[in-house]
Structure formats: structure tokens, C-alpha cells
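Trainee: The structure that follows is given in the form of C-alpha cells.
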Amino acid sequence: MLKLEHVSKIYRTTEVETRALDGVSLEVAAGEFLAIMGPSGCGKSTLLNILGLLDSPSSGVYSFFGEDVARASEQHLTVLRRGAVGFVFQSFNLIDDLNVAENVDVALIYRGVSASERKRRIAEALERVGIAHRSRHLPQQLSGGQQQRVAIARALVANPKLILADEPTGNLDTANGEAVMELLAEVSRSGTTVIMVTHSLAHAARAQRTIKLLDGHVVSETLLAA
Amino acid sequence: MLRSYLAAALRHLAHNRLYACINLIGLAIGFAAAILITAFVWHERSFEHFIPGYENVYRLSGEVHAGRAGEGLSHSTDSVKGPIVDQLRLDFPEIRQVASLRNDFYLINSLRRGNVEAIEPGFWWADPNIFEVLPLKAAAGDLHTALERPDGLVLTRRMARKYFGTDLPLGQTIEFDHERTLRVTAVLEDLPSNTHLNAEIFASARAIPPQPDGLVFRCYVYLRLAPGASPASLRAALPAFVDRHPFGQPGKASDTLGYSLIPIGDIHLHATGRFAMKPGGDPRLLGALSIVGLLVLLTAAINYINLMTARSSRRAVEVGVRKAAGGTRGDLTLQFIGESVVYCLIAMLFAIALAELLLPQLNSFLDRSIAFDYWHVPWLIGLLGLVLIVGILAGIYPALVLSAFRPATVLKGIGPQAAGSGQLRQLLVVLQFAILIGLMLATGVIKLQTAFGLREGLRFDKDQLLSILVLPDGCVGSAFTERVGALPGVRGTACSMEFLTNYGTQQYRSADGREVALHNTYVGPGLFELLGLSPVAGRFFSQDRASDIIDPIQDRVTTKIYHTVINQTAARQLGFADPAVAIGQIFTSVTDAKPGTRREIIGVVPDFAHDSVRVPIDPVLYDDTSPYFSQLNVKLWGARIPETLQSIDDLWQQMAPLPAPITRQFYDQYTEALYRDLERQSTLFSTFAAIALLLAALGLFGLAAFTVERRTREIGIRKALGAATGDILRLLLWQFTRPVLWANLITLPPAAWLMTRWLQAFSYHIELPLWLFVATGAVTLIIALLTVSAHSILVARARPVAALRHE
């Protein structure tokens, strides 16, 4: 479904050149739950951004559901992202000025969905993550765990083919982290491809496969015992 | 989608009250200024539009020239001389209707009903068909026939209430000049303020006593052209008309008289003749105000742009999330432009309320009755259009800045502290302060020039100097004059014509054969001394010398030599570089009623002004002819003015030198009237300078608050490394002082050039003082420092640990 071939990402300033990814090749099957691990600065977030079409590689080939998108324009990436990708972030990234329902709605408003259909899907998504009773609350009125549930609902509401989670439990306590992982596992079981960056071995163990990055290279790959 | 955008916009506004207030207040003030200026300009440009068919109505103006073509003196006059109306009707079939309004010198024009008596400046003798030419709106009666009867009177509701205590006193009578009775035959709706007409009372011209020489003075002629008639061809035919009917200029070859035709809609802004019914408007002021209004709006928009871009980091996450969810840059740009339009819409609502609140004061200040009709479609479109235009233009830059955030960067929490160019923000602050400095300088120069005009413009001592209107030939030797002169509070009296406003223009031949044009007016012995003037050469008129007295025009003979006093400019015109040489010289009149009469110069008076410092002092000749004196000039002692004025009023009541209430005015009031337009300009510019100051300070305050907050951690680090409070303060204050210094540098030279050119429109003017520039620069600097110092001092004095913990 997703195929990276010798993908590199180089950040250049006038004085410094940083190679965040160096010739990474990777395949992710449809419905797979993949965890990405590695120390800070190894290129995990860069890899995630490229996989999620938020960034483009400097070289190499990226085949996104059969389409080569490595040299695609920002406009085209936006269109692809709109239809296929949901994001969950470590710092939740909810919009403070919008309530819970409105935050989830943001994932639908650019997809041409009718108002009534959006309302239905929002209610469904909030119900799925167990936060429907707080639909009119603002983010500041929620706990960290609750905010992350809203973020997951936002990622799910458009039925994306791919969910990218960048350290989704990084700002949560153990109990909330477990709850979020259970949600992501359930999403994966329902057929959605989930790629998660994490520092936690325990959380990585919930995935079917874990790859480790170091200095922009994939250095190891572990399959979950069946 | 729109709902999501609107919710985000309104909640963001509610959660950031300080900055929202700064933006809304600034935009509201800018919009309110724009509304009021537009209403005023619209009002000024809509004079006479309330008259049906005004586009086809014209007024005649007189062009008087004394002297050869290209030389001599010229002026235009709103009124014309002569029984011209009938001749126009006969000679020009394309004139469908022609009628006049007259206000002769020979009549007092006082009205009395019961205890109410006054000389009404708005009283006019009108041809019976005046309302065919100027179809004003009737409240009662038939305007087509109201002035057919000789005692017919038409007046406005306001005048009706004044004299009769009721709006519609049809059939009731009023006393005119204590002699005759006039009957109310119709009532008009009150005229709006956007008309050049000061007429509120129209009496039938059929009642005017005819003048001995058939001449009519102070006559305003209006004509309505037939549909399709060409004003251009009528204008082309007027010179020939003058030749056929040389009214008022009994056949003097070197004197020319012309007529010009002006559409009544143009009178207010473009007529420049003497004897205007009301002071005209100034199209240059309208232009200047429009520009100033735009600048004020620009200042408010700059605040919005600066604050939105400076605080853009607050919206970075939202931008990243929306982009990650599939929003394009275009979607986000539209969102933020839309937000800007919402801000402007809210600000416009406040602005409308503010404008309504200020409108009565504005009307009172400008002497107008401007009203808003918000449901008038052009107004509505204009207001909404302004919201859209300002909203879009002010919102574009912040929208482009915000929508450019890369989601990959901002969602990781490492987004920009403040996006957009900091240099651009500094540039915009420079622009704001440049506008402020320009307005302050303009205000200062206008105020100084006005003070100069008021203080020195007339060039004679006008302090405690009073003028009282009396009957012509009712001044010299009259009992009233004697009794007033004997009052203990009176220093002296002298008789004259209304010499500052009432003068003619004639051609004279000097001893060396040259012809020169001079103004002429009439003053009695002691007048120049009352003005505090001493002769530059020779002497002034003396009561003890009968030879100083000049006969009235009809009695003059060429065998006598009449004594005259001239001013310095007249002396130069007559060829005397040294005034002393002029004494005893003789010259003859060429174009007055008795050509060939001879004048001997007995004295030269220092130049003094009849008008404002806008116009050069003209050459003037003064004659002592008492039958023309209609003004008693009284110099009062400073200590007892109220008591003396009361005594004068009491004497008037007892002696009634005129069958009318006393009309008196201090010369100070005359000069104030001359400079009223300048003082208004000064007040308007002061107001806008104050508004620009408030807006610039508001914007700077918001920027400073945000910048200081953003640099709190940096400040904590600096303090931890040993910086003192003063070091931090200097750092912060210098950041905001720099743009103000730049603004001074780039604005003062062009502002100086502009104001120099403005001053050059005056014949007499101040020189631009250096201290004004220094003061302007200093004031703006102090204001900037005071505005930013509050936040700066607070954070500079904070403990480093508090600052370092700041997130």
C-alpha cells in the first residue's frame, strides 16, 4: 500500500546540511499496525511527515496507494491527504477556540460533506472514542486523556485509509496511555493502516511490526510473534 | 465550513480581549471618521440638489473690471446691478423663467410682530415668479401666487414660529420698517443647510420703492433654462448683452462689466464673488479632509495588520491542523480574510453608533444639518463596501502569513514565534507615525497662521472697537452720535461707511497721465486715529477743515479740487515710491459718476487690510462724504465694556436712530468671521491629529505588550547573566523608538514643503518656525516612550526566575 524506495530527506540552510533520512526503503501493507522507534533526532518524525504527505522527500520514490507522490505538488498532496490520512499528535493539537464537536468537524469541512452527514459522523466518532458527553466542551476544559480521545476522533471521523500517530501517549499518564493504545489497536483491527512513532517498548509491542531508526537509517525490524 | 470559520473567529476575539479591543476600537474610530467625513463631503457636494430641476437653474454673477485689460482691479460679485431681469427675459427666449432676489441698501429691512423685532439677514425682496425658478417646498399656501400681491410675504416655518409662535400663520400680518404691513400668503418648509440661499423671508418685489436713478443694487438673478437650451450659447451671447445694456456703468470706455453664468449646484464650492449670501465651501478642504480620512483609516488598518501578524503564532496550531485535515492555503487565506471582514463588520457597527453620537457636535461646529439615512441604498452599499474593502486589504497580508505555516513544523510545536516580516511591522509603525507627524505639523502651522491673521491681519488696533449701523447720513452730528461719544466708557467715536466691506472700484488718471484703478470708500474725521494709525505722510481728515469734505457724487463738480487720503499701495500705484512725494499731488477720476473731478492727496495712511491675509491689500482711496456714512465706530475703554454696551443699547432704545433693533459688532467678531474657515480647518486637523495619535499609541501599546511578552524568557536570561533593569529598559524602549525617529526623518522635510506651499496661498503669512519641527518630533517620541514604557518597566523589573519559567 505504501512503498518507500531509497528515500532521503536533506534540510539545507546557508551554512548547514542535515540529512534527516538517508536512503530509507520501507513497505507498509494495508491494515498493518506499524511502530517506529529510535532516539531523538533519528528521523522518526521526518519519516512520519513524508508518509503522511506533510512533507516531500529530497530523493527517492514514494508510492502512496500506487501513486508516485515524491515529486507531487503541495496542492496535490493536500488533495490526497484530504481523502486518506488522519493524524494524532503528542501534544493533541486541538484548536483552543473550537469545542470538541467543532474540532472533530475540522477533519470533514474540507471534504465536501453535507452538514447533516457531518453531524452524524461526528456523533459516531465521539461515541466510538467515548467522549460524546463532552461534545460542547472546549479543549481547556478536558484532561489530557480526553483531549487525545478527541484528537483520535478527529483522525477517524473521515474514515481515512491511514492513521499516523506521532507519540500519541507521550503526554499521558499510564492509564490514559493504555486507553489510547487500546483505541488505536481497535482502529487497526477494523482495517485501517496505523503507523505510530513511540518511545515506549510496551506500546510498540501492540503493533504487528516495529522498525528502528538511527541517524536516518532503518537499522532493524521486528515482527510481533503471532 | 463557514460556521467553523465564524466560530473560530468570534471565540478567538472573545479569548483575546485586549488585542481584540485594540483592533476594534482602532477600526471603529477609523470608520467613524470616514463616515463623518464622507457625510460632510457628500453634503457639501449636494448643495441645491433638493431643488427640483436644479440642473437647469443658473445664477448670474457680475464681473467688474476697472482699468485696461490685463491691468487694473477686477472682482466678481454674486450680485449684479441694474434692472436686468426684464431685459434678460426679452433678449433670450431660451430662458424659460428669470427672477431676482434683492436686498437694497436704502431699506433697513426690520420686521416687527408684537414684542419680536429684528433685522433679518435672510429677508429678500423677490420677484413674484421666484418660485418658478427655485421651486422650494411649500408647507402652506400657493407659491405660484403668494407674491403677486404687493404686501405678500412668504416665510419658512422657523421664521413663522419666531414671529407668530405658530408654524402656519397664513393671513396674519407683520410690520416692516415700522411703516408698512405685510401679509403672510404662504409658508415654506425650512430650507436644508445644503443651500447657498440664506433666504428665509420673501417679500413681493412689487412693494419696493423705485430708486431715483433706476439702479438696483445687491440683486441676485436666477434663471431656469428651457429643456434642451444650451448654457454655453447663452454664455457666448452675454458680452453682446452687456454692450446693449450697460447698466451701472454709465458709458465709461475704460470700465468693463461682464456677466458669468454659474449653475446653482456649483455656487457653494466654486463661486468666488463678493457679496455671497453665505460663506462658500472650499473644495480644497474637502480634498484634504478626504485624504486625511483615508490616512486615519490606514492607521487603523495598520494596527490590525501588525497585531494579527505579530500574534500569528497563537494560530499556528490551528493552521497546521486545518492543513493536515486537507485545507489548502487558499481555504485558509479565505478564512483569515473572512475573519478580517468580520472584525470590520463589528467595528463598523460601533463606528455607526459613534458617528451618530458625534453628529450633533459636528453639525454645530460646521453650521450644517447633516443627517444619515442608512437605508438609503448608496449609503448602505458604501458602508458595506468599506467593510469589505478594508477587511480584504487589511486581511490579505496576515492571511497570507498565517496560511503559509507549514503543518510539519507547527504541529511539532516548533513553529515561528511571530510570523511575517518583523521589518515590515517596523515599517508599518514608521508609516503610522509618519501620518501622525504630518497631521501634527499641519495642525501647528494652521494654528500659527490663524493666530497671525487674527492678531496682525488687519494691521490696525481693533481692540475694544465697536461698529454700530445707523441710517445713511445719520451719523455725523446726530444726537445719538453725540450722546454715545459723551459716555464715560467711550474713548472716541468716528463715522464712516462700512469701509471694510463696502467699497467700489474706479479708474483714475494720475498726474503723469497713467490710468490706475483704485478702490474707494468713505470715512470721516478721526476714523484713522480711532484705528490707531498715524499718517505715513501728510495728514488725515480734520473736522475743522470744511475743504476736507467731499460732496456726494451727484453734487460734485470738475471746478473743485477735493481732498482725499490714499493708502500706501495706492500711492505706489499712482507712481509715488516715496509717500511724502504724493502729498499735494492731483489726479482726476475717469470712471466714477462725475468723471473729471479732481483729487488732491492730503495724506497717506498705512496699508491696512479689508479682508483676510489670503488676499493682498488693494490700493484704496478714502473720501470724507458724510451722507454716505452709515456706521458709527466707537472705541471703548477696556475697564467698563459691559456697562458701556448697556448704556449704548439704552440710548438706542430711547433715541431709535433706526426703526430697528441695534446692530452692533466688535471688530474682533469681524476678524473672527474672516478666519472662521481657517479656525475650522485648524480644529478639524487637530481632531484628526488627536485620532491618529490615539490609534498610533493603541497600536504601539498592543505591539509592545506582545513583544515584551515574547521576549520575557530572553529578558530572564539577560538578567540572570547580569543585566540591570535599566539595561533591559533601554533594550526594549530602543526597539520602539527607532521607527519613531525614522518617521520624523522621512516626514518632516516633505511636510515642510507641503505647508510652505499652503502658506504661499496667503498674501501674508508666517515663516515656518524651526521650533515647531523640533516640538513635533519631541512630542511623538515622548508619546511613543510613554506608551511602551508600562509593559517594559514591568517585565524589566521582574525577577529572572519568573521570566525564565515563562512559556
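Trainee: Give me the residue from the range B:354-370 that is loosely packed, with under 13 Cβ neighbours inside 10 Å and free of Cβ contacts under 8 Å to residues at least 40 places away in the same chain and, out of that set, farthest from the chain's Cα centre (by Cα).
Mentor: The selected residue is B:Leu357.
Trainee: Okay, next question. Return the pair list, or none, for Cβ contacts closer than 9 Å from residues in the range B:502-515 that are β-branched (Val, Ile, Thr) to residues that are in a loop (DSSP other than H, G, I, E, B), at least 6 apart or on different chains.
Mentor: B:Thr505/B:Gly67; B:Thr505/B:Gly72; B:Thr505/B:Thr591; B:Thr505/B:Asp618
Trainee: If we keep just the residues of the range A:48-64 that are over 15 Å from A:Glu5 (Cβ atoms) and part of a loop (DSSP other than H, G, I, E, B), which is farthest from the other protein chains (Cβ to nearest Cβ)?
Mentor: If we take residues in the range A:48-64 being over 15 Å from A:Glu5 (Cβ atoms) and part of a loop (DSSP other than H, G, I, E, B), then A:Leu53 is farthest from the other protein chains (Cβ to nearest Cβ).
Trainee: Another one. Could you list all residues from the range B:517-539 that are part of a loop (DSSP other than H, G, I, E, B) and either within 34 Å of the chain's Cα centre (by Cα) or more than 17 Å from B:Ile586 (Cα to Cα) (or both)? Quick ask: steps written out before the conclusion?
Mentor: Keep residues of the range B:517-539 that are part of a loop (DSSP other than H, G, I, E, B), which gives B:524-526, B:531-536, B:539.
Hits for the range B:517-539 are B:Gly524, B:Pro525, B:Gly526, B:Leu531, B:Gly532, B:Leu533, B:Ser534, B:Pro535, B:Val536.
Trainee: All but one of (1) part of a strand (DSSP E or B); (2) touching a Gly at 6+ places or on another chain (Cβ under 8 Å) hold for A:His199, so report the exception by its number.
Mentor: For A:His199, the exception is condition (1).
Trainee: Turning to a different aspect of this structure: With respect to B:Gly62, determine if the residue is away from chain A (no Cβ under 14 Å), modelled with pLDDT under 90 and touching a strand residue (DSSP E or B) at 6+ places or on another chain (Cβ under 6 Å).
Mentor: Against the criterion (away from chain A (no Cβ under 14 Å), modelled with pLDDT under 90 and touching a strand residue (DSSP E or B) at 6+ places or on another chain (Cβ under 6 Å)), B:Gly62 qualifies.
Trainee: Right, something else. Tally time: how many residues in the range B:169-181 are in contact (Cβ under 8 Å) with a residue 60 or more places away in the chain and in contact with a helix residue (DSSP H, G or I) (Cβ under 9 Å, 6 or more places away or on another chain)?
Mentor: Here the count works out to 2.
The rows are residues; the columns are (1) in contact with a Pro (Cβ under 6 Å, 6 or more places away or on another chain); (2) within 21 Å of B:Leu632 (Cβ to Cβ).
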position: B:Arg514; (1), (2): no, no
position: B:Val523; (1), (2): no, yes
position: B:Gly526; (1), (2): no, yes
position: B:Glu529; (1), (2): no, yes
position: B:Arg539; (1), (2): no, no
position: B:Asp544; (1), (2): no, yes
position: B:Pro552; (1), (2): yes, yes
position: B:His563; (1), (2): no, no
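Trainee: Just give me the residues in the range A:23-65 being over 19 Å from the mean Cα position of the chain (by Cα) and crowded, with 17+ Cβ neighbours inside 10 Å, in sequence order.
Mentor: A:Gly60
Trainee: Do the conditions hold for B:Pro659, that is, is it part of a helix (DSSP H, G or I) and farther than 30 Å from B:His791 by Cα?
Mentor: Criteria not met by B:Pro659.
Trainee: Here's a follow-up. Taking the range B:1-42 as the region of interest, how many residues are away from chain A (no Cβ under 14 Å) and either surrounded by fewer than 20 Cβ atoms within 10 Å (Cβ to Cβ) or closer than 17 Å to B:Ile352 by Cα (or both)?
Mentor: Number of matching residues: 22.
Trainee: Filter the range B:615-647 for residues that are among the hydroxyl-bearing types (Ser, Thr, Tyr) and at pLDDT 90 or above and give the result.
Mentor: Once the filter is applied, which keeps residues that are among the hydroxyl-bearing types (Ser, Thr, Tyr) and at pLDDT 90 or above, the range B:615-647 yields B:Tyr622, B:Thr644, B:Ser647.
Trainee: Next question. Which one of A:Val180, A:Val218, A:Val150 is under 24 Å from A:Leu2 (Cβ atoms), surrounded by 16 or more Cβ atoms within 10 Å (Cβ to Cβ) and within 16 Å of the chain's Cα centre (by Cα)?
Mentor: The conditions single out A:Val180.
Trainee: May I ask you to list pairs of residues, at least six apart or on different chains, whose Cβ atoms are under 7 Å apart, with the first in the range A:2-16 being outside any strand (DSSP E or B) and the second being surrounded by fewer than 12 Cβ atoms within 10 Å (Cβ to Cβ)?
Mentor: Qualifying pairs under 7 Å: none.
Trainee: Quick one: what pairs do we get from the range B:112-133, first residue under 17 Å from B:Asp177 (Cβ atoms), second part of a strand (DSSP E or B) and among the hydroxyl-bearing types (Ser, Thr, Tyr), C-beta under 6 Å, 6+ apart or different chains?
Mentor: Cβ pairs passing all conditions: B:Ile119/B:Ser110.
Trainee: Have a look at B:Val604, B:Val613, B:Val634, B:Val620 and point out the one that is buried (at least 19 other Cβ atoms within 10 Å of the Cβ) and within 30 Å of B:Phe365 (Cβ to Cβ).
Mentor: B:Val613
Trainee: Report yes if A:Asn159 is part of a loop (DSSP other than H, G, I, E, B) and either more than 9 Å from chain B (Cβ to nearest Cβ) or under 21 Å from B:Phe405 (Cβ atoms) (or both), otherwise no.
Mentor: Here the answer is yes, as A:Asn159 does meet what is asked.
Trainee: Go through the range A:55-101 and give me each residue that's out of contact with any helix residue (DSSP H, G or I) (no Cβ under 6 Å at 6 or more places or on another chain) and charged (D, E, K, R).
Mentor: Selection gives A:Glu67, A:Asp68, A:Arg71, A:Glu74, A:Arg81, A:Arg82.
Trainee: Could you check A:Arg136 against (1) over 16 Å from the mean Cα position of the chain (by Cα); (2) away from chain B (no Cβ under 12 Å); (3) part of a loop (DSSP other than H, G, I, E, B) and say which number it fails?
Mentor: For A:Arg136, the failing item is (2).
Trainee: Looking at (1) touching an Asp or Glu at 6+ places or on another chain (Cβ under 7 Å); (2) buried (at least 18 other Cβ atoms within 10 Å of the Cβ), which is the one condition that is false for B:Arg459?
Mentor: (2)
Trainee: When the range A:97-118 is examined, which residues are found to be in a helix (DSSP H, G or I) and more than 11 Å from every other protein chain (Cβ to nearest Cβ)?
Mentor: Taking the range A:97-118 first, the residues in a helix (DSSP H, G or I) are A:100-109, A:115-118.
Once the filter is applied, which keeps residues that are in a helix (DSSP H, G or I) and more than 11 Å from every other protein chain (Cβ to nearest Cβ), the range A:97-118 yields A:Val100, A:Ser116, A:Glu117.
Trainee: Given the conditions (1) within 11 Å of chain B (Cβ to nearest Cβ); (2) out of contact with any strand residue (DSSP E or B) (no Cβ under 8 Å at 6 or more places or on another chain); (3) not polar (S, T, N, Q), report the number of the one that A:Ala84 does not fulfil.
Mentor: Here A:Ala84 clears every test but (2).
Trainee: Do the conditions hold for B:Gly492, that is, is it touching a Gly at 6+ places or on another chain (Cβ under 7 Å) and either crowded, with 22+ Cβ neighbours inside 10 Å or not in a helix (DSSP H, G or I) (or both)?
Mentor: Yes, satisfied.
Trainee: Continuing with this model, one more query. List the pairs whose first member sits in the range B:618-644 and is assigned to a strand (DSSP E or B), whose second member is acidic (Asp, Glu), and whose Cβ atoms are under 6 Å apart, counting only residues at least 6 apart or on separate chains?
Mentor: B:Asp624/B:Asp548; B:Gln631/B:Glu498
Trainee: Residue by residue through the range A:29-47, note down the ones that are closer than 17 Å to A:Thr193 by Cβ, away from chain B (no Cβ under 14 Å) and of a type in the set (A, V, I, L, M, F, W, C).
Mentor: If the condition is that a residue be closer than 17 Å to A:Thr193 by Cβ, away from chain B (no Cβ under 14 Å) and of a type in the set (A, V, I, L, M, F, W, C), then A:Ala29, A:Ala30, A:Phe33, A:Leu34, A:Ala35, A:Ile36 are the ones that fit.
Trainee: Next question. Residues that are over 23 Å from B:Ser496 (Cα atoms) and modelled with pLDDT under 90: does the range B:560-567 have at least one?
Mentor: The answer is no; no qualifying residue exists.
Trainee: I'd like the residue in the range B:317-360 that is within 14 Å of chain A (Cβ to nearest Cβ) and acidic (Asp, Glu) and, out of all such residues, is nearest to B:Leu27 (Cα to Cα).
Mentor: So, considering only residues that are within 14 Å of chain A (Cβ to nearest Cβ) and acidic (Asp, Glu), the one nearest to B:Leu27 (Cα to Cα) is B:Glu339.
Trainee: While we're here: Residues to consider are A:Glu74, A:Glu17, A:Glu67; find the one that is within 14 Å of chain B (Cβ to nearest Cβ), more than 24 Å from A:His203 (Cα to Cα) and not β-branched (Val, Ile, Thr).
Mentor: Within the list A:Glu74, A:Glu17, A:Glu67, the selection yields A:Glu74.
Trainee: Could you tell me whether B:Arg572 is surrounded by 17 or more Cβ atoms within 10 Å (Cβ to Cβ), among the basic types (Lys, Arg) and more than 15 Å from B:Tyr622 (Cα to Cα)?
Mentor: yes
The values are calculated or read from the model by the stated rules, or taken from the named source; none is laboratory data. The structure presented is a predicted model; accordingly, all values stated were derived computationally and were not measured. Glycine also receives a Cβ, built like all others from the backbone with ideal geometry; neighbour counts cover every protein chain displayed.
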